[in-house]
Amino acid sequence: EGKSAGRNTIRFFNPDMQRKVDQRASMETALARALDQGEFQLHYQPQINRDGELLGAEVLLRWIPEEGGPVSPAEFIPLAEDTGLIVPIGYWVLETACQQLSLWQRQHPDRDLSMAVNISARQFHQHDFIRRLQDIIERSGADPRGLKLELTESVVLDDIAGVIEKIEGLRQLGLGFSMDDFGTGYSSLSYLKRLPLDQLKIDTSFVRDLAHSANDLAIVRAIIAMGHSLNLHVIAEGVETAEQKVYLERYGCDAYQGYLFGRPMPAPEFEAGFITAPAAQTPFRQR
Ligand code: C2E
Ligand code: MG
Ligand code: MG
Ligand code: MG
């Protein structure tokens, strides 16, 4: 609302900004209806261990509005967070992901799949988050030991004691926890040490130039070493090249996720390519 802008700021409110405000408002309206219109889908991206075996999938939300093409999560997730829509959307994601996990667990009991779901800080901080998630898990029939929640550092911006308690409560149900985009947020190492996590995810931004940047290489090495000294499993995201993988492997990274192994894809494609297909036939398998 530019109406309260003072004399000095009003001149910055140009037509370009007006267009951005209008665009945002219309995207907000469309986003508010998207759940009811069935415009969301989940994609699944493989996570692969050092032996080339499938660990499971990260669940990634896709929005394909009736009108217009797909909208990137980088655009609509922040808007969903600002408006609070991320809460109902997030529960839809959890419900759909748990149903899929339950199905795969029953159809492929030998696979011990892990499914990683992104949880926005705003949703995690809801007072009834544990109870609602527990309901969702029970109704889906999924074994919660296959479910992993990816949190970002923003979740610990306030009330670390409350966050620890919540994580502990969910751990009792069998859930795992991963710190996403590690190294890009504001959390301190003293927070990290107090959180009962299972896994660190090295952010794409450190992986991208790994093979050509001594600084990024040093950072990645340090994150892996630190993660291991805290007894955490370390996974790298955004792995696109064999060269990046060679470095990550050399420094002891436990697992990988990225286009080199597979893009985020619809459930049937993921199942056919990564769950049903014998591991020996997958292109990245090494032994
Ligand atoms: P994220 O959780 O860090 O997810 C990883 C992102 O990296 C995904 O982007 C994925 O498609 C992309 N990616 C995977 N491999 C590669 C690669 O090799 N190269 C490159 N350049 N990118 C790769 P995506 O799907 O656009 O999602 C962006 C962000 O939106 C996610 O980052 C996450 O923070 C958020 N997000 C996605 N789905 C959900 C959701 O269901 N709930 C919440 N709260 N946030 C979500
Ligand atoms: Mg993630
Ligand atoms: Mg990430
Ligand atoms: Mg990221």
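The values are calculated or read from the model by the stated rules, or taken from the named source; none is laboratory data. If you're wondering where the values come from, they're calculated on a predicted model, not measured in any experiment. Note that we place each Cβ from the backbone using ideal geometry, even for glycine, and neighbour counts take in every protein chain shown. In case anyone asks, the SASA skips ligands and DNA or RNA and just uses the protein heavy atoms, side chains included. Shrake-Rupley method; radii C 1.70, N 1.55, O 1.52, S 1.80 Å.
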| said: Straight-line reach only, C-alpha to C-alpha below 24 angstrom: list the lysines that Lys201 could link to, leaving out same-chain residues fewer than 8 apart. | reply: Lys148, Lys166, Lys193, Lys245
| Selection from Gln257, Gly227, Gly238 lying farthest towards where the dipole of region 205-271 points positive, charges on Cβ | Gly227
| request: Would you work out which of Ala161, Gly84, Ala116 lies farthest towards the positive end of the dipole of the chain, given +1 charges on the beta-carbon of Lys and Arg and -1 on that of Asp and Glu, about the Cα centre? | output: Ala161
| task | Report, in debye and to the nearest 20, how large the dipole of region 1-156 comes out about its Cα centre when Lys and Arg carry +1 and Asp and Glu carry -1 on their Cβ. | result | 440
| If you put +1 on each Lys and Arg Cβ and -1 on each Asp and Glu Cβ, how big is the dipole of the chain around its Cα centre, in Debye rounded to 20? | 360
| note | For Met226 the rounded accessible area (nearest 10 Å², probe 1.4 Å, non-protein molecules ignored) is 40
| field | Contour minus Cα-Cα distance for Asp51 and Asp16 (0.36 nm per residue) | value | 7.5 nm
| query | What order, most packed first, do the peptides 170-177, 41-48 have when packing is the mean number of other Cβ atoms within 10 Å of each residue? | reply | 41-48, 170-177
| remark: The FRET efficiency for Ile64 and Asp143, from their Cβ-Cβ distance with R0 = 51 Å and rounded to 0.05, is 0.95
| said: Can you give the Rg/Rh ratio of region 43-90, where Rg is from the C-alpha atoms and Rh is the Kirkwood radius? | reply: 1.14
| field | C-alpha long axis of helix 73-83 to longest principal axis of the chain, angle in ° | value | 60
| query | Put a dot 7 Å past each Cα toward the Cβ at Ala74 and Gln37; how far apart are the dots in nm? | reply | 2.3
